[in-house]
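Please read the structure below before turning to the comments.
The values are calculated or read from the model by the stated rules, or taken from the named source; none is laboratory data. Just so you know, these numbers come straight off a predicted model, no measurement behind them. Because the Cβ atoms are built from the backbone with ideal geometry, glycine has one as well, and the counts that use them run over all protein chains shown. These accessible areas exclude ligands, DNA and RNA; they are computed on the full protein's heavy atoms, side chains included. Shrake-Rupley method; radii C 1.70, N 1.55, O 1.52, S 1.80 Å.
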Amino acid sequence: MRKALRWLLAFTVLIGMVSTAHAATAAQPEAADIKDRLLSVPGVSLIQEKPYPGYRFFVLNFTQPVDHRDPSKGTFQQRITVLHKDVSRPTVFYTGGYSVSTNPGRREPTQIVDGNQVSMEYRFFTPSRPEPADWSKLDIWQAASDQHRIFTALKAIYPKNWISTGGSKGGMTATYYKRFYPRDMDGVVAYVAPNDVVNDEDSAYDRFFAKVGTKECRDRLNAVQREALVRREPLEKRYTEYAATEGLTFDTIGGLDRAYEAVVLDYVWGFWQYSLLSDCDTIPADAKSATDDEIWTSVDTISGFSAYADQGLAAYTPYYYQAGTQLGAPTIRFPHIERQYIRYGYQPPRNFVPRDIPMRFQQFAMGDVDAWVRHHARHMLFVYGQNDPWGAEPFRLGHGSKDSYVFTAPGMNHGANVAGLVADEKALATARILQWAGVAPAAVKADATQAKPLARFDAKLDVRDVEREPALRP
């Protein structure tokens with residue numbers, strides 16, 4: 001009898017527990033708001049939220065160690081942004097390799113996969129800079145580790161596939177991230193990413209400038225560049241007046257004369273980096289008969305006379321530091337200009353970084369990445385522009401690379417993208433991105449020519465000019 005009563009009591013309690021659990025489940029609130037979920041991640045804090053139709057857009061701080069090898073050396077706040085679509089969609093991890101935009105924007109892979117987008121400001125670009133700044137902690141591994149920590153922290157919120165992307169220095173960054181943390185991303189789309197494997201061997205750039213565009217266009221550009229040096233005295237007088245008006249100084253580079261030559265020698269490179277062959281009509285047709293104002297205006301429009309002033313260099317100190325310690329920097333010849341007109345030539349990155357910041361070049365950093373791409377690349381897409389100088393030394397694939405591609409967009413500059421590829425390559429690239437993101441429709445899996453972006457074009461989110469950095473900054 002007692003056993004029967006105990007069994008009945010246990011059964012009643014069990015029924016009560018099941019009923020209570022069912023009631024609790026039925027009464028559960030909807031999933032937590034995405035802002036609350038993001039802010040629940042350790043180290044994440046809100047800077048601001050900006051509305052955009054169909055998305056939530058957050059500007060956040062993320063606490064990072066100054067040194068990922070020794071977190072006891074302190075932390076700094078790194079800015080990131082989140083363009084939130086839906087946790088059921090894939091996520092694109094973007095960095096431009098410089099500062100991050102705090103306005104909503106959608107990169108091409110994000111539109112293709114109709115996904116979320118996490119964007120990272122590169123370490124040491126203000127305000128994402130440790131204070132005081134230990135510049136020895138600015139290298140490609142530390143930056144890749146920044147991305148790894150962000151991905152690890154947000155993967156629980158965005159559990160679907162991730163693809164990393166970036167243009168120029170951002171494309172380099174996406175590649176380095178894949179090299180050091182190959183299992184994090186399901187795919188990589190690297191746009192116009194230079195690959196300076198041997199820093200002291202830059203003949204590829206000379207060959208590029210000897211053939212790019214048309215002879216008529218090359219001759220126009222070369223003539224204006226030469227004329228700007230022939231007329232150095234009157235144009236530097238104008239430069240002096242311009243600097244005084246704008247409050248420009250030239251302590252880092254070592255004087256106005258050095259800055260003037262650096263701007264002029266960037267002129268041809270800058271044109272092909274940012275302009276199209278059709279823009280050659282804007283270049284003075286006869287440099288020798290052009291006025292000083294026409295020469296000045298053409299050079300200033302393309303190269304920018306503020307680029308090598310202290311005020312122009314300061315924002316890009318982290319880039320020039322990396323160029324002079326790991327990334328490398330190009331040096332080209334000017335066969336169309338007599339030696340007496342060139343005093344300094346292409347100056348090294350050391351000249352663009354304050355002297356109190358020590359620098360030492362690491363010869364094998366880029367060779368290591370290049371070898372890894374050739375032997376171990378998986379799910380990587382490199383896109384270059386036919387007329388972009390930075391594509392003269394591209395990443396190349398080897399026997400060990402799998403499901404990876406290098407495509408070149410005909411006639412395009414530093415803004416080359418998948419949309420600018422020839423039809424069959426465009427379709428294949430789009431199909432692979434969709435496949436890597438885990439959202440390829442059945443029709444695309446069966447026939448890559450059916451591939452197209454899953455999200456509609458948005459004039460505000462998707463339209464971008466080429467990211468204009470002064471020439472010789474990728």
Give the distance, in whole Å, between the Cα centre of segment 397-469 and the Cα centre of segment 251-265.
40
Could you size up the charge dipole of segment 104-260 around its Cα centre, putting +1 on the beta carbon of Lys and Arg and -1 on that of Asp and Glu, and report it in debye to the nearest 20?
500
If we count every other residue with Cβ under 14 angstrom of Leu256's Cβ, Lys/Arg +1 and Asp/Glu -1, where does the sum land?
-3
As a quick test, which of the pairs Lys137/Lys460; Lys402/Lys452; Lys402/Lys460; Lys169/Lys215; Lys215/Lys452; Lys160/Lys445 have an alpha carbon distance above 28 angstrom in this structure?
Lys137/Lys460; Lys402/Lys460; Lys169/Lys215; Lys215/Lys452
With point charges of +1 on the Cβ of Lys and Arg and -1 on the Cβ of Asp and Glu, referenced to the Cα centre of the chain, which listed residue (Ala314, Val299, Ala259) lies farthest in the positive direction of the dipole?
Ala314
Of all beta bridges DSSP finds with both residues in the chain, what is the antiparallel percent, to the nearest 5?
50
Return the FRET efficiency for the residue pair Val463, Lys215: r is the Cβ-Cβ distance, R0 is 35 Å, and the value is rounded to the nearest 0.05.
0.55
With the dipole of the chain worked out from charges on the C-beta (+1 for Lys and Arg, -1 for Asp and Glu) around the Cα centre, which of Phe151, Trp272, Val192 lies farthest toward the positive end?
Phe151
Rounding to the nearest 20 debye, state how big the charge dipole of the chain is about its Cα centre with +1 on each Lys and Arg Cβ and -1 on each Asp and Glu Cβ.
2360
Of the accessible area of the chain, computed with a 1.4 Å probe and all protein chains kept, carbon and sulfur make up a percent value of 53
Compute the angle between helix 140-154 and the longest alpha-carbon principal axis of the chain, please, reported from 0 to 90 degrees and rounded to the nearest 10.
30
Dividing the convex hull volume of the alpha carbon atoms of segment 270-331 by its residue count, what do you get in Å³ per residue?
116
What accessible area per residue comes out for the chain, rounded to a whole number of Å², with a 1.4 Å probe?
46
Quick check on segment 372-450: take the gyration tensor over C-alpha atoms, sort the square-rooted eigenvalues as a ≥ b ≥ c, and tell me if it's rounded (a/c under 1.5), prolate or oblate.
oblate
Taking Cα pairs under 8 Å and at least six residues apart, what relative contact order does segment 44-97 come out at, in percent?
29
At q = 0.13 Å⁻¹, what is the base-10 log of I(q)/I(0) for the chain according to the Debye formula with one equal point scatterer per Cα and no solvent? Please give it to two decimals.
-1.25
How large is the charge dipole for segment 240-358, taken about the Cα centre, if only the Cβ atoms of Lys, Arg (+1) and Asp, Glu (-1) carry charge, to the nearest 20 debye?
680
First check a/c for segment 327-474, with a ≥ b ≥ c the square roots of the eigenvalues of its C-alpha gyration tensor; if it is under 1.5, answer rounded, and if not, answer prolate when a/b is larger than b/c or oblate otherwise.
prolate
Among His68, His414, Gly324, whose Cα lies farthest out toward the positive end of the dipole of the chain, if unit charges sit on the beta carbon of Lys, Arg (+1) and Asp, Glu (-1)?
His68
Say a site is exposed when it is one of the trypsin sites (Lys or Arg not before Pro), sits in a DSSP loop, and has at most 11 other Cβ atoms within 10 Å; what is then the longest site-free stretch of the chain?
184-354
Once exposed loop GluC sites (Glu not before Pro) are cut out (DSSP; at most 16 other Cβ, 10 Å), longest piece of the chain:
31-200
